[in-house]
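Have a look at the structure below before the remarks.
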Amino acid sequence: MNDIIFKQQIKEDIKLIQEKIAWDNNILKDEYAFNYWVLSNLYNLDEENCSNYITEYNDKGIDCFVHYEEEKELYIIQNKFYDENTQLNSKEVSDFLTRPLSSLNKNEYSRSPDLQKIYNLAKDDVDYKVFLHFYISNENIGSDCLNIVNNFNEDGIFAELFTLNSIHDKYYGESYTEEAKLNISLTVKNRGTYLAIRPDEYQLPNMSEAYYVMAKIVDVFKVCTTAEKQKYPLFEENIREYLGGTSGINKKIISTLKDPKERGNFFYYNNGITIICDSAKADSSKIQITQPQIVNGCQTVNSIVEALKNNTQMLDDFNDVYVMVKVLVVNQKETSFYRDIVRYTNSQNSINEKVFGATLKPFSKIQEKLKDYGILICVKQSDKFQFKKHYSDKKSLGKILLKANSFSNDFYLFNKLTELQMPLETLLQIIGAFIHDAHFAYTKKSSLLKPTSKEYYQEFSVKIADKLTFECMAKLIIIYKRAEQDKKSSADKRSPSAYYLLNFLGYYLKNQETDLHEFLKSTPMEDFQFIYEKLNSLPNKYIKNYNEKYTSEYNNTIKQQIDETLMDQILIDHLESMQEHNSEHYTKLMKILTKKDN
């Protein structure tokens, strides 16, 4: 992990929080805003509500707290937003593990009556868990700090110290949050309408527990509405999510269900639904399922909801309409068995390794954070549909367009939703063109989201957030968007090549031994607009000269290894020509590129 870049990412996030929560008088202090950052990014609290859980100032060692009532979990938190040179000493850790509990146990914590009330409930309930979480934004801790935490021993109370590296893992991986739970039932007509595979009972050692159920579609409808009401992610692990009711297949499903003469045949027309779950239990009247996840049949399920949602006579009209539901008990979802279930049950839809690669949590974090700049990254196949649904009203769309255009600062003008969207794969190509070269962007696309590719997926794609902060990614996206826009209006529909333009910029900076992240971070959008105007002719010059030198066609040229000698010569000639014909622009460009007055 690159500590410097992640620390810069935290600072970027804090800056955005400070702009959003301007009404909190203390928010301009980074060390105070860090409380907002921890609560919103590591515990999934809404930024607007974080102030209700911050107790800093006269706090008796507590900066903030989080309470998950249903889970019976209370988190008491201390945060230290330190630079890399400030060391955490053992006394600070020791005080945190003693002072808050002492005050709370005496019922004397007046800084937050809510926290005191929650703690009073927790200490008298054996099912409650209390966590003492200490966060420090560097790796500079005294030798005794970890020993103090590890040796902490009090019933029902758990202590943990998080340094920058472990904060990074929480930020890009699992966050503390209340885990939604769901128990459902599918009624069965009789024992003859389901098949149970119980390996232990039936002496089937090579099989896994499973149930094949002739389920009522009314039950499926109830499962969906219950999950929605409880905010349970029923399709969280599903690779092929709902793409809308307008596709051809979905229209046919809905029309079949709405036709009284045809709906009875629905069971025979449909391939069914596949559910994985933590546990299941069947008898002659129902199948009880714990923690269901639909991994195949999402289109079917959502089309059932669409067809039944406004029907006031649902129980009468659809009482004898069935669908096949396959229930598989899979206790560990992060396994090859789970992945193979998803792949094979979706085989008719060509599920491949790239789909699994894109589901990794760091990519979801990138999607979430780039929204702060008005950029919508499509990670899942359903994201386009979900974005269309979310930004369907003018107010929501206008708000995110304003955010994107404010960041772009007139360099590129966003006019519609589709212009805000970008596939994850394209983002990876953009970053690859800048950090590596255009050849990487054009030829390695197929490997960027392939988990089995160590060089391109494991060492590059998964780690891009350790190379650039989200603001830096957004700047590269704007440059790419502008180049693509100009290419569409060019005479040959090919100039400038966005990947080659980013290649030239990254190549020049690396030759000057300039840190790419620091350059992106410190260069404002108006300077990038100037850079673009002065360098956007370079890709066409390179491709033209390459074609002449190697007698190559355009489509072949862009896939070849970069000729750095040719690139060097084009850069030298271009800059010398600019210096000769427009010294003022040359001086300004050099000042931007080198961060010096030349």
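The values are calculated or read from the model by the stated rules, or taken from the named source; none is laboratory data. This one's a predicted model, so the numbers in the text were calculated from it and none came from an experiment. Using ideal geometry, Cβ is built from the backbone for each residue, glycine included, and neighbour counts are taken over all protein chains shown.
Okay, here's what the table says:
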{"read-out": "Qualifying position, being touching a residue at least 12 places away in the same chain (Cβ under 8 Å), closer than 17 Å to Thr163 by Cβ and surrounded by fewer than 16 Cβ atoms within 10 Å (Cβ to Cβ), among Asn79, Asn85", "value": "Asn85"}
{"read-out": "Restricting segment 501-544 to residues that are charged (D, E, K, R) and in a loop (DSSP other than H, G, I, E, B), the residue that is surrounded by the most Cβ atoms within 10 Å (Cβ to Cβ)", "value": "Asp515"}
{"read-out": "Leading residue by the ranking (modelled with the highest pLDDT) among those in segment 204-231 that are in contact with a Pro (Cβ under 9 Å, 6 or more places away or on another chain) and in a loop (DSSP other than H, G, I, E, B)", "value": "Glu209"}
{"read-out": "From Asn190, Asn165, Asn206, residue being among the polar types (S, T, N, Q) and without any contact (Cβ under 8 Å) to a residue 40 or more places away in the chain", "value": "Asn206"}
{"read-out": "Exclusive hit being assigned by TED's automatic domain parsing to the domain that holds Glu108, out of contact with any Phe, Trp or Tyr (no Cβ under 9 Å at 6 or more places or on another chain) and not aliphatic (A, V, I, L, M), set Ser51, Ser40", "value": "Ser40"}
{"read-out": "Some residue of segment 478-493 being part of a helix (DSSP H, G or I), in contact (Cβ under 8 Å) with a residue 40 or more places away in the chain and within 20 Å of Thr594 (Cβ to Cβ)", "value": "yes"}
{"read-out": "Flag if His574 is in a helix (DSSP H, G or I) and farther than 24 Å from Gly432 by Cβ", "value": "no"}
{"read-out": "Residue within segment 175-193 that is within 29 Å of Pro233 (Cα to Cα), assigned by TED's automatic domain parsing to the domain that holds Phe235, part of a loop (DSSP other than H, G, I, E, B) and more than 25 Å from the chain's Cα centre (by Cα) present", "value": "yes"}
{"read-out": "Number of the condition not met by Asn44 [criteria: (1) within 22 Å of the chain's Cα centre (by Cα); (2) at pLDDT 90 or above]", "value": "(2)"}
{"read-out": "Residue check, Asn26 over 26 Å from the mean Cα position of the chain (by Cα), more than 26 Å from Glu518 (Cβ to Cβ), part of a loop (DSSP other than H, G, I, E, B) and not β-branched (Val, Ile, Thr)", "value": "yes"}
{"read-out": "Residue check, Lys117 surrounded by fewer than 14 Cβ atoms within 10 Å (Cβ to Cβ) and either in contact with an Asp or Glu (Cβ under 9 Å, 6 or more places away or on another chain) or without any contact (Cβ under 8 Å) to a residue 40 or more places away in the chain (or both)", "value": "yes"}
{"read-out": "Residue tally, condition surrounded by fewer than 21 Cβ atoms within 10 Å (Cβ to Cβ) and more than 27 Å from the chain's Cα centre (by Cα), over segment 281-304", "value": "7"}
{"read-out": "Any chance Asn107 is assigned to a loop (DSSP other than H, G, I, E, B), over 30 Å from the mean Cα position of the chain (by Cα) and more than 27 Å from Asp24 (Cβ to Cβ)", "value": "yes"}
{"read-out": "Evaluation of Pro496 against (1) surrounded by fewer than 21 Cβ atoms within 10 Å (Cβ to Cβ); (2) part of a loop (DSSP other than H, G, I, E, B); (3) not aromatic (Phe, Trp, Tyr) (one fails), failing number", "value": "(1)"}
{"read-out": "Complete set of residues in segment 315-343 that are modelled with pLDDT under 85, surrounded by 12 or more Cβ atoms within 10 Å (Cβ to Cβ) and either of a type in the set (S, T, N, Q) or part of a helix (DSSP H, G or I) (or both)", "value": "Asn331, Phe337, Tyr338, Arg339, Ile341, Val342, Arg343"}
{"read-out": "Filtered residues of segment 277-317 (kept if closer than 17 Å to Ser185 by Cβ and touching a Lys or Arg at 6+ places or on another chain (Cβ under 7 Å))", "value": "Ser284, Gln288, Gln291"}
{"read-out": "Answer residue from segment 29-40, given it is within 25 Å of the chain's Cα centre (by Cα) and under 12 Å from Asn79 (Cβ atoms) and is surrounded by the fewest Cβ atoms within 10 Å (Cβ to Cβ) among those", "value": "Asp30"}
{"read-out": "Matching entry among Glu201, Glu160 (being outside any loop (DSSP other than H, G, I, E, B), surrounded by fewer than 17 Cβ atoms within 10 Å (Cβ to Cβ) and modelled with pLDDT of 85 or more)", "value": "Glu160"}
{"read-out": "Number of positions in segment 390-412 that are closer than 17 Å to Met473 by Cα and not in a helix (DSSP H, G or I)", "value": "3"}
{"read-out": "Among the residues listed as Tyr176, Tyr135, the single one being of a type outside the set (A, V, I, L, M), surrounded by 14 or more Cβ atoms within 10 Å (Cβ to Cβ), at pLDDT below 90 and on the phi < 0 side of the Ramachandran plot", "value": "Tyr176"}
{"read-out": "Unique match (being over 14 Å from the mean Cα position of the chain (by Cα), at pLDDT 95 or above and among the aliphatic types (A, V, I, L, M)) among Leu427, Leu420", "value": "Leu420"}
